[in-house]
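To start, the structure itself, in structure tokens.
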Amino acid sequence: MSERPRAASAQSPAARRAPAPSRSQLAFVLHAYDWSESSLILDLYTRDEGRLVAAAKGAKRPYSQLRSVLLPFQCVQVQLSRSRTNEADDEVRTLRAAEWAPGAPVLPSAALLSAYYLNELLMKFLPRGAVQAELFDGYRATLAELAQPQGDLQAALRAFELSLLQELGLLPDLAQDALNAQVLGATERYTWRPELGLVRASDADEALEGHDWIGLQAALMSGSAAALRQACQGSRTALRSLLRHVLAYHLAGASLRTRDLMQSLRRLGALATTGTTP
């Protein structure tokens, strides 16, 4: 009597090597690295899984349809897969498919440096795998604002920086004096000490009045990106200086290449000093 063929079990080598089913999710390409003559390693920012690394095999080939899809600042629908075993240790996914998501804006050249600045902030601050869907939506909305011909670029950047710090738990209560836990005086001047929070400012400090800080706190609590951008408009210049200091503190000495590039270009006279840079 012949032996009955045995069905492949879940423990068979073939089953263990089979890739897990992929599902579609929204993503942005933060950075792409050459992997081989024909492939790329991508740093992706996804809405469902946060930052992750994916291999795009064959993406550099002339006939690959991925070449026109895997562009920075374009929202795409991606399908990713990984091994069924040791999923927690499987750091690099495989990109199975990618296509443009509808409604993705095209950024003008004047906004590209600011958009690269957003990407660098995410890569510096966000740990891989940390899921923050609201921050993803805020990033997407900020890119849309940068694409507007009449958009307030500086207010959009300041709003995103505040949202990023809030999502990471690095934002103090902007309506409270850190030294006495009292509500800010509406017409008093306060500066932001990264190690403390808001404190009364000296004449030499970059500062905002209490009502400005309280307005920013209210906009953050509302969850409205438009309200936060509006709250940043009246104090965008002072906020840029204050937030630059705060971000540098949390980066512990690491520099931002986009800001270094901006400063170099300004020294060469290639950029106007009209507030069109991060």
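Bear in mind these aren't lab numbers, they're just calculated from the coordinates by the rules spelled out. The model shown is predicted, which means the values in this text are computed figures rather than measured ones. For neighbour counting, all protein chains shown are included, and Cβ atoms are generated from backbone atoms with ideal geometry for every residue, glycine included.
For a modelled paramagnetic label at GLN77, 7 Å from Cα along Cα-to-Cβ, the residues of the range 26-60 in reach, with backbone nitrogen under 16 Å, are 26-28, 47-48. Taking a ≥ b ≥ c as the square roots of the eigenvalues of the Cα gyration tensor of the range 152-200, is the shape rounded (a/c under 1.5), prolate (a/b larger than b/c) or oblate? Oblate, since a/c reaches 1.5 and b/c is not below a/b. If exposed means no more than 16 neighbouring beta carbons inside 10 Å and the site is in a DSSP loop, what's the longest run of the chain without any exposed GluC sites (Glu not before Pro)? Answer from the scan: 92-187.
Neighbour counts of C-beta atoms inside 10 Å place LYS124, LYS60 in the sequence LYS124, LYS60, starting with the fewest. To the nearest ten degrees, helix 257-267 and the longest principal axis of the Cα atoms of the chain are 50 degrees apart.
With the alpha-carbon atoms of the chain aligned to their principal axes, the span from lowest to highest coordinate is 96, 44, 34 Å, starting with the largest.
Based on DSSP H segments of at least four residues, each scored -39500 (n - 2.57), the chain has a per-residue ellipticity at 222 nm of -11000 deg cm²/dmol.
In the chain, the longest principal axis of the Cα atoms and the axis of helix 236-251 are about 50 degrees apart.
Identify the residues of the range 108-147 with backbone N under 18 Å of a label point that sits 7 angstrom from the Cα of ASP260 along the Cα-to-Cβ direction, or state none. Taking a point 7 Å out along Cα→Cβ of ASP260, the residues of the range 108-147 whose backbone N falls under 18 Å are 113-114, 116-125. By the count of neighbouring beta-carbon atoms within 10 Å, fewest first, ARG23, ARG193, ARG140 end up ordered ARG23, ARG193, ARG140. Seen through its C-alpha gyration tensor, with square-root eigenvalues sorted a ≥ b ≥ c, the range 184-278 comes out prolate because a/c lies at 1.5 or above while a/b is bigger than b/c.
Helix 133-146 axis versus longest C-alpha principal axis of the chain: approximately 70°, rounded to the nearest ten.
Comparing ASP137, ASP260, ASP177 in a Gaussian network model of the chain (Cα springs below 10 Å), the most mobile by mean-square fluctuation is ASP260.
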